[in-house]
Amino acid sequence: MTTVLIVGGGKGGRALLEMLVGDPTVTIAGIADVNPWAPGIDLARRLNVPIATDFRELVSDPRVDLVIDVTGEAQVRTAIQALKAPATEVMGGIGARFMWDLVAERKRSVELEDRYSLVVRELQAQSEADFIMGRNPKMREVAELIARVAPTPTTVLVRGESGTGKELAARAIHKYSPLRDKPLLTVNCTALTPSLMESELFGHRRGSFTGAVADKVGLFEKADGGTIFLDEIGDMPLEMQGKLLRVLQAGEIKPVGDVVTRRVRVRIIAATNRDLDHAMQKGEFREDLFYRFNTFTITLPPLRERVEDLPVLAYHFLRKAEAKVNKKVARISNDALDLLRRYAWPGNLRELENTVERAVVLAAGGAVEPAHLPLHIQGTPTLGMTVGEGLLAGKSRLVQEFERQAVARLLSEARGNVSIAAKLARITRRNFHRLLTKHRINPRQFKGDRVDDDSSVSR
């Protein structure tokens, strides 16, 4: 273990402190500078490293193995040589400058790696096709809203059921905004615990909690001057909602364990599939935050309300699946398309994409046929009453179809978890199992219906 004293708290001293403080083989005896508010002194206060405005208080300590002088002043170097213990080594002049340059190069390297990872992330997201609007009137209205709000700095809330492509709408807003040259950073609010979410969004300081071995820059600071997308904002814990409100109101963030706030300029786009009005009534979502987000809302329609767009969406996913599984499937048969049109699509675009990819895998020839679709889609009947069927028989069939589609939708929302699906249905698990048996539905086929990232949905 080497005990080091840094003399000089300017940029060089701060850079050395940042590098050495995380090294388990080094103990920092302290940092000294005549300016009590020098950058290195300020950092040392936050890190609980000993500080002094007179280096003489520290340099004579016999426990110090190495003194690094970054002041560049001859009289300081002479005083250190006169006061240091015999066994203490001194590094200054060219040697200290070399170490400073080495630290600066290391910092630049980290920044470049960080920027590279953000660029790769953005390029991966942009590799998908453009957001498909189609002919549906509601989607045309969505397109007009995106075009109007994109050039402004307004905060946007995107609402819609799971799998409707909310992140893709956010990316379309970013793409046509003045910030298009900046990365769009995304955060899934359901994928992080409250403590991890705060660290991820706002960053943390070394030692602020167990495992915080070094300073971390949060996503809001990384996105400064750009855009951040908060997915599933309705599931954000109340404590975090208050801190997010501060960002919206004052543009200020405070890393975990820090006492200093930082100002950032970030455009926020949020999305949720929750009923926020109901969440506010239950005290699960702050009203003041809701009204901040509700300035401009875009609501995406579910797939069942844009059936006229289903063929173009299905063929888009067909081309995408061909490339993914490296298999040529030229078309979707008319009978298969009819079944796709008649299905209710509780999982929306995401379920359609998964269904088409499965069909491409199963297709033996050059076309997707009804036999390549899941059984619960193959069994979709015509909802209108057939000739000679009679009212009671038609009513019974429609009730049966409602049950089957409702069970499929609940399983999709619960990712195949029967207990959660039964709870959502407000019936016992035993009765839910009876419905599964009755309609011959296997919950395992819904395990992959939902994912944490909307990026797999067509844009």
**Report entry** Under the Karplus curve 6.51 cos²θ - 1.76 cosθ + 1.60, θ = phi - 60°, whole-Hz ³J(HN,Hα) for the range 183-192, x wherever Gly or Pro sits
**Finding:** x, 9, 8, 10, 9, 8, 5, 8, 8, 10
Report summary line: Here the gain from full extension of Arg319 to Glu57, 0.36 nm per residue of separation minus their alpha-carbon distance, amounts to 87.1 nm
Query raised in the report: Given a cut-off of 35 Å, what percent of all Cα-Cα pairs of the chain lie beyond it?
Result: 49 percent
Report summary line: In Å, the Kirkwood hydrodynamic radius from C-alpha pairs for the range 118-275 sits at 16.5 Å
**Report entry** Helix-only [θ]222 nm of the chain, DSSP H runs n ≥ 4, -39500 (n - 2.57) each, per residue, nearest 500
**Finding:** -14000 deg cm²/dmol
Report task. In Å and from the alpha-carbon atoms only, list the Rg and Dmax of the range 281-387. Result -> 18.2, 57
Query - Virtual spin-label span in nm between Ala364 and Val260, 7 Å along Cα→Cβ - result: 7.0 nm
Query raised in the report: How much of the accessible area of the range 133-212, probe 1.4 Å, is carbon plus sulfur, in whole percent?
Result: 54 percent
Report summary line: Placing each pseudo-label 7 Å from Cα in the direction of the beta carbon, Thr299 and Asn334 end up separated by a distance in nanometres of 3.7 nm
Query raised in the report: With each label point set 7 Å from Cα along the Cα-Cβ vector, what nm distance links Asp181 and Leu375?
Result: 5.7 nm
Query raised in the report: Within the chain, what percent of beta bridges assigned by DSSP are antiparallel, to the nearest 5?
Result: 10 percent
Requested in this report: List, in the order given, every pair from Lys222/Lys254; Lys243/Lys423; Lys166/Lys243; Lys138/Lys166; Lys282/Lys423 whose Cα-Cα distance in the structure shown is over 20 Å.
Outcome: Lys243/Lys423; Lys166/Lys243
Query raised in the report: List the trypsin sites (Lys or Arg not before Pro) in the range 289-391 that DSSP assigns to loop (not H, G, I, E or B) and whose Cβ has at most 16 other Cβ atoms within 10 Å. Which are they?
Result: Lys327, Lys328
Query - Charge dipole (debye, nearest 20) of the chain; +1 at Cβ of Lys and Arg, -1 at Cβ of Asp and Glu - result: 1500 debye
Query - Cα-based Rg and Dmax for the range 176-216, where Dmax is the largest Cα-Cα distance (Å) - result: 13.8, 42
Report summary line: Given backbone amide H placed at 1.01 Å from N, residues whose amide H is under 5 Å from that of Val67, ignoring those fewer than 5 places away on the same chain, are Leu5, Glu89, Val90, Met91
Report task. Could you grab the Rg to Rh ratio for the range 1-51? Cα atoms only, Kirkwood for Rh. Result -> 0.93
Report summary line: Sorted on mean Cβ neighbours within 10 Å (highest first), peptides 424-435, 66-77 come out as 66-77, 424-435
Query raised in the report: Given a Förster distance of 25 angstrom, what is the FRET efficiency for Arg45 paired with Glu252, based on the Cβ-Cβ distance and rounded to 0.05?
Result: 0.80
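The values are calculated or read from the model by the stated rules, or taken from the named source; none is laboratory data. No experiment lies behind these values; they were computed from the predicted model shown. We place every Cβ from the backbone using ideal geometry, glycine too, and count neighbours over all the protein chains shown. To get the accessible areas, we keep the full protein, side chains included, count just its heavy atoms, and leave off ligands, DNA and RNA. Shrake-Rupley method; radii C 1.70, N 1.55, O 1.52, S 1.80 Å.
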